Amino acid sequence: MLLAIDCGNTNTVFGIYRDKRLMSQGRFTTHELGTSSECAMAVDWFIKRGSHAPEDIKAVVIGSVVPHATGRLIEMSRQYFGIEAVVVDGMSPLGIKILYDNPKEVGTDRIMGALAAHKLYGGPCIVIDFGTATTFDVINKDGEYLGGVICPGVQTSAHSLSRRAAQLFNVDVSPPGNVIGRTTEDSIKSGLFYGTVAMVEGFVLKITEELGTSFTVIATGGYAELVSKHTRVINVVNESLVLDGLEMAYGIITGQSY
């Protein structure tokens, strides 16, 4: 079995794959994983929760956008599994042409999402990832990564609003009954949630107009399922898209099974 690790700014997600199929996944806040020992404790709990044993894991692949956490995860893999992890980044030989001016600037999570989206759903496609940032990544029919858009994430916007506005407070982001709020809480919820929906629809329209073609739109990340229920522009929700990309990347880089 393969352990895929997607380390993001807010959350780190573990996924166990057998024969290219996701068997289980678990999510931890990245700040919980402050040392390699804490990483090992989290992995141990996750593996045993799924009725697996450490010796079942034959390979580890890591994608991280948090440089100081990457080393801890590599060390955890060595100490806990006795495995040298495969670390994926923007310069890994994945067969994807990245048309960013500087390919090193593209986050690993964005590349993994693009890789998985094109292989699973074809192109051209747009990947929308609702994470710490909400990102839009554009892939053409040939699987080339064209670039994209980076916006503040839903929770990032909510926290920023509550910190900077003295009379406003943090709320759970969910769709209120009406767009026009009649309480401060509902007004904030409307702005955050329906603002995100409008942003999604607006960027998909702008990208479509700019490139003159239609796209399959794939959503992933924490708010993908919820937002998709309130817009018609999202065609597919795949909450494990980045993990799926990591699983594919392992095979491409190593040429090995697990």
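All of the numbers you see were taken from the coordinates with simple rules; none came from a lab. What you see is a predicted model, and the numbers here were worked out from it, not measured in a lab. Counting neighbours? That spans all protein chains shown, and the Cβs are built from the backbone with ideal geometry, glycine included.
Of the numbered conditions (1) farther than 22 Å from residue 258 by Cβ; (2) surrounded by fewer than 18 Cβ atoms within 10 Å (Cβ to Cβ); (3) not small (Gly, Ala, Ser), residue 49 satisfies every one except a single condition; which is it?
(1) is the only condition that residue 49 fails.
Enumerate the pairs (first residue in the range 1-17 and closer than 14 Å to residue 68 by Cα; second residue anywhere and aromatic (Phe, Trp, Tyr) and assigned to a strand (DSSP E or B)) with beta-carbon separation below 6 Å, excluding pairs fewer than 6 apart on the same chain, so at least 6 apart or on different chains.
12/28
Quick check on my filter: what residues within the range 1-46 are of a type in the set (A, V, I, L, M, F, W, C) and over 12 Å from residue 243 (Cβ atoms)?
So in the range 1-46, the residues of a type in the set (A, V, I, L, M, F, W, C) come out as 1-5, 7, 13-14, 16, 22-23, 28, 33, 39-43, 45-46.
Those that are of a type in the set (A, V, I, L, M, F, W, C) and over 12 Å from residue 243 (Cβ atoms): 1, 28, 33, 39, 40, 41, 42, 43, 45, 46.
State whether the residues of the range 43-62 include one that is part of a strand (DSSP E or B), under 25 Å from residue 153 (Cβ atoms) and not β-branched (Val, Ile, Thr).
Taking the range 43-62 first, the residues part of a strand (DSSP E or B) are 59-62.
When the remaining residues are screened for being under 25 Å from residue 153 (Cβ atoms), the result is 61-62.
After this cut, where a residue has to be not β-branched (Val, Ile, Thr) as well, the list is none.
The answer is no, given that none of the residues of the range 43-62 is part of a strand (DSSP E or B), under 25 Å from residue 153 (Cβ atoms) and not β-branched (Val, Ile, Thr).
In the range 188-206, is there at least one residue being under 17 Å from residue 125 (Cβ atoms), of a type outside the set (A, V, I, L, M) and free of Cβ contacts under 8 Å to residues at least 60 places away in the same chain? Step through it out loud before you land on a result.
Pass one, the range 188-206, residues under 17 Å from residue 125 (Cβ atoms): 200-201, 203-206.
In the following step, the residues that additionally are of a type outside the set (A, V, I, L, M) were identified as 201, 203, 206.
Right, trim to free of Cβ contacts under 8 Å to residues at least 60 places away in the same chain and you get 201, 206.
Yes, there is a match, as at least one residue in the range 188-206 is under 17 Å from residue 125 (Cβ atoms), of a type outside the set (A, V, I, L, M) and free of Cβ contacts under 8 Å to residues at least 60 places away in the same chain.
Just name the residue that is nearest to residue 112 (Cα to Cα) out of those in the range 63-85 that are part of a loop (DSSP other than H, G, I, E, B) and within 24 Å of the chain's Cα centre (by Cα).
Here is the first cut: in the range 63-85, the ones part of a loop (DSSP other than H, G, I, E, B) are 65-66, 82-85.
Filter once more, keeping what is within 24 Å of the chain's Cα centre (by Cα): 65-66, 84-85.
Working: 65: 12, 66: 15, 84: 20, 85: 17 Å.
Per the stated criteria, the residue is 65.
When you scan the range 20-39, do you find a residue that is within 17 Å of residue 112 (Cα to Cα), part of a loop (DSSP other than H, G, I, E, B) and within 20 Å of the chain's Cα centre (by Cα), even just one? Show your work before the answer.
Going through the range 20-39, the residues within 17 Å of residue 112 (Cα to Cα) turn out to be 20-22, 25.
Within this subset, residues satisfying the condition of being part of a loop (DSSP other than H, G, I, E, B) are 20.
From what's left, within 20 Å of the chain's Cα centre (by Cα): 20.
Yes - at least one qualifying residue is present in the range 20-39.
Out of curiosity, is residue 220 in a strand (DSSP E or B) and surrounded by 14 or more Cβ atoms within 10 Å (Cβ to Cβ)?
Details: in a strand (DSSP E or B): yes; surrounded by 14 or more Cβ atoms within 10 Å (Cβ to Cβ): yes.
Yes, satisfied.
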